[in-house]
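Every number in this text was worked out from the coordinates using simple rules, so none of it is lab data. Here the structure is a predicted model, which means the values were calculated and not measured. So basically every Cβ, Gly included, is an ideal-geometry build from the backbone, and we count neighbours across all protein chains shown.
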Amino acid sequence: MIASDLITYDIPPLKVTDTGTKALDWMEEFKTTSLPVVSNNRYIGLINESDILDRNDSDEIIETYNLTFKKPLGYQNQHLFEIISIMAENDITVLPIVDVNEQYVGLITSETIIKEFAKAVSVNNLGSIITLEVNLRDYSLAEIAKMVESDDAKILSSFITSHTDSNKLEVTLKINKTDISRILHTFERFNYVVTASYNETDYHKDLKDRYDEFMRFLNP
């Protein structure tokens, strides 16, 4: 999944000739606190609600604000995980996307990111979750997959959490079976540390409800 697959065209960019009032109206309409600004379709930067509210006259055009715009951006061919990293690093809910010439293409919203990430980690697929603690030097996804597949199961998704002050990794697996007792025994037999496991037969509905509740929060 790359940035060009995630772009929404429903939220238009502001022009430098637009007024602060128009920017505030659009932010309210599209439920965001920042919007991209363009000049001749070239991306200038993000303007925040606070930038406008700090002015005495919101009827002035953006060009007169003399702001040093924050300019976070993503490129059309960047991967979903890179986009997530940029948005988290800049603490933003919308990310402008540009082409190689930094011409504005569209933007990606945090709502879209959450939906696509949920698909990437197979939130909606019934199964089970296993969390392992693995020494960094011993980590092998191929070996882990082989153990899972020995019970005629498949890894639907996996991700790793690492800590700078530790030589251990936390490996989280989403598996397409609800009965994982044999898989757990296999891991234990090969001295893997299973720190958590969840059979999603009952857990899945609660997880789905929490996800739906969070999406409703994003779309009041």
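How are the C-alpha pair distances of segment 53-178 spread across 5 Å bins, as whole percents from the shortest bin up?
2, 8, 14, 13, 13, 14, 11, 8, 5, 4, 4, 3, 1, 0
Quick one: compute the contact order of segment 3-117, relative version, from alpha carbon pairs under 8 angstrom and 6+ residues apart, as a percent.
Normalised by residue count, the contact order of segment 3-117 is 31 percent.
Quick one: net charge of Ile144's neighbours, Cβ under 14 Å, K/R +1, D/E -1? List each step's numbers first, then the result.
Values: positive: Lys146, Lys154, Lys174, Arg189; negative: Glu133, Asp138, Glu143, Glu149, Asp151, Glu170, Glu188.
Residues close to Ile144 contribute a combined charge of -3.
Lys/Arg Cβ at +1, Asp/Glu Cβ at -1, dipole of the chain taken about the Cα centre: which of Asn40, Phe81, Thr172 is farthest positive-ward?
Of the candidates, Thr172 comes out farthest on the positive side.
Taking the Cα-to-Cβ direction at Asn41 and at Glu116 and moving 7 Å from each Cα, how far apart do the two end points lie in nm?
2.2 nm
Cα-Cα over 28 Å: which of Lys31/Lys71; Lys146/Lys168; Lys115/Lys168; Lys70/Lys115; Lys115/Lys174?
Working: Lys31/Lys71 20 Å; Lys146/Lys168 21 Å; Lys115/Lys168 30 Å; Lys70/Lys115 26 Å; Lys115/Lys174 17 Å.
From the list (Lys31/Lys71; Lys146/Lys168; Lys115/Lys168; Lys70/Lys115; Lys115/Lys174), the Cα-Cα distance tops 28 Å for Lys115/Lys168.
Looking at the chain from every direction and averaging, what is the projected area of its Cα convex hull in nm²? If you can, show how the numbers build up before the last one.
On the way: hull surface 60.0 nm².
Quarter of the Cα hull surface area: 15.0 nm².
Could you give the size of the charge dipole of the chain about its Cα centre, using +1 on the Cβ of each K and R and -1 on the Cβ of each D and E, expressed in debye and rounded to the nearest 20?
700 debye
Need one number: nm distance between label points at Phe30 and Thr131, each 7 Å from Cα along Cα→Cβ, rounded to one decimal.
Each label point is offset 7 Å from its Cα along the Cβ direction, giving 3.7 nm.
Using only Cα atoms and rounding to the nearest 10 degrees, what angle (0 to 90) does helix 110-120 make with the longest principal axis of the chain?
Here the helix axis deviates by roughly 20 degrees.
Report the chymotrypsin sites (Phe, Trp or Tyr not before Pro) located in segment 9-99 that are in a DSSP loop and have at most 10 other Cβ atoms inside 10 Å of their Cβ, or state none. It would help to have the intermediate numbers written out before the result.
On the way: sites: Tyr9, Trp26, Phe30, Tyr43, Tyr65, Phe69, Tyr75, Phe81; in loops: Tyr9, Phe69.
Passing sites in segment 9-99 are Tyr9.
Ser50 to Leu156: extension gain in nm, 0.36 nm per residue of separation minus the Cα-Cα distance? All intermediate terms of the calculation are to be shown ahead of the outcome.
Working: separation 106, 0.36 × 106 = 38.16 nm, distance 4.26 nm.
Contour length minus the Cα-Cα distance gives 33.9 nm.
I want the antiparallel fraction of DSSP beta bridges within segment 3-117, as a percent rounded to 5. Let's see the in-between values first.
Numbers: 15 of 19 bridges.
DSSP beta bridges in segment 3-117 are roughly 80 percent antiparallel.
Gain in length, Asp99 to Asn191, computed as 0.36 nm per residue apart minus the alpha-carbon separation, to one decimal in nm? Walk me through the numbers on the way to the answer.
On the way: separation 92, 0.36 × 92 = 33.12 nm, distance 4.87 nm.
That works out to 28.3 nm of additional length.
Would you work out the Kirkwood radius for segment 34-109? I mean one over the mean of 1/r across all pairs of different Cα atoms, in Å.
One decimal place: 13.2 Å for the Kirkwood radius.
What number comes out for the charge environment of Lys168, summing +1 per Lys or Arg and -1 per Asp or Glu over other residues with Cβ under 11 Å away?
Working: positive: Arg137; negative: Glu133, Asp138, Asp165, Glu170.
The answer is -3.
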